[in-house]
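Structure record follows, encoded as structure tokens.
The values are calculated or read from the model by the stated rules, or taken from the named source; none is laboratory data. Everything quoted here is computed from the prediction, not taken from an experiment. Note that each Cβ is placed from the backbone with ideal geometry, even for glycine, and that neighbours are counted across all protein chains shown.
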Amino acid sequence: MKGKFKIDSVLIQNGQFAFAEQIPGRRQLLQVSFSRLSGYLTHISDMHYVWEMYPLQAVLTGRFMKRAPFHLRFVFPMRVKRDTFSFQGSLGGPASLKIFNPAVFPASGLKFTGGVLDGLTFSGSANSHYAVGTMTMLYHDMTFEAMKKKDTSRTNKFVSWGVNSFVRRNNPRKGKEKEAKSVALFFRRDVEKGFGNFFWKTLFSGMKATLIPSVNTMNLKNIQAVSPDTKEAKAQGKKTGR
């Protein structure tokens, strides 16, 4: 497009977005879909004075995997030279945890066999290299089934027993005055894959961290490793010979 342009807003109605990925060693494609999309984009421009005053924003609502209602908001501060943006959103419940299986099973070999999603909220920020943030995923009575690698139609009963023994079955845990656990999001971007992959894998990192405490610990360590304060401290240590 030649010349300067400024578009106040673009409305979206009844749209859809989906992506699929072939996971090495898996026959079934990883699939994620957002349907019945409605929303808007605001402050679309190539003029610097607009960038200084307003960030580009995208607000979307619809259905995740044709079932759970979702709300998403992205903010892209165009005046910042680095490719950074922030995001926040939610999935509504109640919804069966099985709706995640088309995305979870090809990536992990695990299937949800029971459980109800009561709600999920998240927020964070990202750049061209990685995404960080927090997530609170509320659910109850979750059960998993591990499938055999060579024959994905058959259950690996021993692994299924092990998985269901150590994962968090409920969030919050059952009992009086039990608080819901919030976890860290962290994902390093695969530069050969698109935005949908980047965003979903970031959310999936939070789901794994909720179910498995050791994953949350790993996410927190990765966030600390890439934080500006940590990098500055390491650089200062090298200068002083520490």
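Quick notes on this one:
- Filter result (in contact (Cβ under 8 Å) with a residue 40 or more places away in the chain and within 15 Å of the chain's Cα centre (by Cα)) within the stretch 103-119: 103, 104, 107
- Selection status of residue 28, at pLDDT 90 or above and more than 24 Å from residue 86 (Cβ to Cβ): no
- Condition met for residue 114 (crowded, with 18+ Cβ neighbours inside 10 Å and not acidic (Asp, Glu)): no
- Only one of the numbered conditions (1) more than 23 Å from residue 193 (Cα to Cα); (2) surrounded by 20 or more Cβ atoms within 10 Å (Cβ to Cβ); (3) under 14 Å from the mean Cα position of the chain (by Cα); (4) not small (Gly, Ala, Ser) is not met by residue 71, and that is (2).
- Of all residues in the stretch 168-179, exactly one satisfies the criterion of being surrounded by 14 or more Cβ atoms within 10 Å (Cβ to Cβ) and out of contact with any Asp or Glu (no Cβ under 9 Å at 6 or more places or on another chain), namely 168.
- A Cβ distance below 6 Å, combined with a sequence gap of six or more or placement on separate chains, defines the contacts here; from the stretch 31-44, residues that are under 29 Å from residue 101 (Cα atoms) and basic (Lys, Arg) reach residues that are assigned to a strand (DSSP E or B) and at pLDDT 95 or above in the pairs 36/62; 36/63.
- Residues of the stretch 10-46 satisfying the condition of being in contact with a Lys or Arg (Cβ under 8 Å, 6 or more places away or on another chain) and loosely packed, with under 12 Cβ neighbours inside 10 Å: 14, 25
- Selected residue (only one of 153, 182, 125, 160 is modelled with pLDDT under 80, surrounded by 14 or more Cβ atoms within 10 Å (Cβ to Cβ) and not hydrophobic (A, V, I, L, M, F, W, C)): 160
- Residue check, residue 132 of a type outside the set (Ser, Thr, Tyr) and either modelled with pLDDT of 95 or more or under 12 Å from the mean Cα position of the chain (by Cα) (or both): yes
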